[in-house]
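What follows is a single structure, written as structure tokens, with notes after it.
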Amino acid sequence: FLKMMVRLVRAGRVLEIGTFTGYSALCFAEALPEAGLVLTCDIDPGSTAVARRYFARSPHGRKIDLRVGPALETLEAISGPFDLIFIDADKINYLNYYRRALDLLSPHGVILIDNVLWSGDVLKSPPPDRSTAVIQELNRVIASDATVTGVLVTVRDGIFLVQRSSP
């Protein structure tokens, strides 16, 4: 799915918020053109060490720039545009990541947001925890924003696919 999205958007630059062990970053990198870039960020030195080992073994690893630190700080320090932005990090900051992603998105770009069904907890009222409440709010924000078009894809735990609306 991730490689297909890179191809469909004809992405040259991908931003990933939440690296974990590097699987998705490698999927993106594999589908990118030779001069393409995946900028991925994560806060966990342990999981990013695993990711770096996988990147080093892959012929596509050279396309990946891994930044370790708080994602919001990394996002403030970089500039766009990015053709594809994948959000899959701490759920508490999903709305903050989404808002910054809109600033960094290219005109034809797409934002993918993982885990928006949150194991079905997004249907519960009141929400059982803060992460669920933030994801519920994010879903409402996207659904009510006339400047974007979003579709919730029911793959695994739900992926919101968001693109700027045509004028």
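The values are calculated or read from the model by the stated rules, or taken from the named source; none is laboratory data. Note that the structure is predicted; figures quoted are calculated from it, not measured. Positions of Cβ are generated from backbone atoms using ideal geometry, with glycine treated the same way; all protein chains shown enter the neighbour counts. Side chains are part of the model used for accessible areas, which takes the heavy atoms of the whole protein and leaves out ligands, DNA and RNA. Shrake-Rupley method; radii C 1.70, N 1.55, O 1.52, S 1.80 Å.
Structure notes:
- Selected residue (criterion: most open to solvent (accessible area, probe 1.4 Å)) from residues of region 6-23 that are assigned to a helix (DSSP H, G or I) and in contact with a helix residue (DSSP H, G or I) (Cβ under 8 Å, 6 or more places away or on another chain): Y23
Yes or no, residue by residue, for (1) modelled with pLDDT under 95; (2) of a type outside the set (F, W, Y); (3) within 15 Å of the chain's Cα centre (by Cα):
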| site | (1), (2), (3) |
| --- | --- |
| D103 | no, yes, yes |
| I111 | no, yes, yes |
| D114 | no, yes, yes |
| W118 | yes, no, no |
| S125 | yes, yes, no |
| E137 | no, yes, no |
| T149 | no, yes, no |
| G158 | yes, yes, yes |
| V162 | no, yes, yes |
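- Where a residue in region 38-50 is more than 20 Å from C27 (Cβ to Cβ) and its partner, wherever it lies, is in a helix (DSSP H, G or I), with Cβ under 7 Å and at least six apart: I43/A71
- Scanning region 71-80 for residues that are at pLDDT 95 or above and either at positive phi or surrounded by 14 or more Cβ atoms within 10 Å (Cβ to Cβ) (or both) yields a count of 5.
- Pairs where the first residue, in region 2-24, is farther than 27 Å from P45 by Cβ and the second is surrounded by fewer than 20 Cβ atoms within 10 Å (Cβ to Cβ) and among the basic types (K, R), C-beta under 6 Å, 6+ apart: none
- For region 24-41, taking the residues that are more than 17 Å from D90 (Cα to Cα) and either hydroxyl-bearing (S, T, Y) or in a strand (DSSP E or B) (or both), the one that is most open to solvent (accessible area, probe 1.4 Å) is identified as L37.
- So D121, is it without any contact (Cβ under 8 Å) to a residue 24 or more places away in the chain and open to solvent by 10 Å² or more (accessible area, probe 1.4 Å): yes
- Lone unmet requirement of (1) of a type outside the set (F, W, Y); (2) out of contact with any Gly (no Cβ under 7 Å at 6 or more places or on another chain); (3) closer than 15 Å to L15 by Cα for L138: (3)
- Restricting L95, L102 to residues that are touching a helix residue (DSSP H, G or I) at 6+ places or on another chain (Cβ under 7 Å), within 15 Å of L72 (Cβ to Cβ) and open to solvent by 10 Å² or more (accessible area, probe 1.4 Å) narrows the list to L95.
- Condition check for A51: closer than 21 Å to F160 by Cα and open to solvent by less than 20 Å² (accessible area, probe 1.4 Å): no
- Enumeration of residues in region 6-28 that are within 13 Å of D83 (Cα to Cα) and out of contact with any Cys (no Cβ under 9 Å at 6 or more places or on another chain): R7, L8, V9, R10, A11, G12, R13, V14, F28
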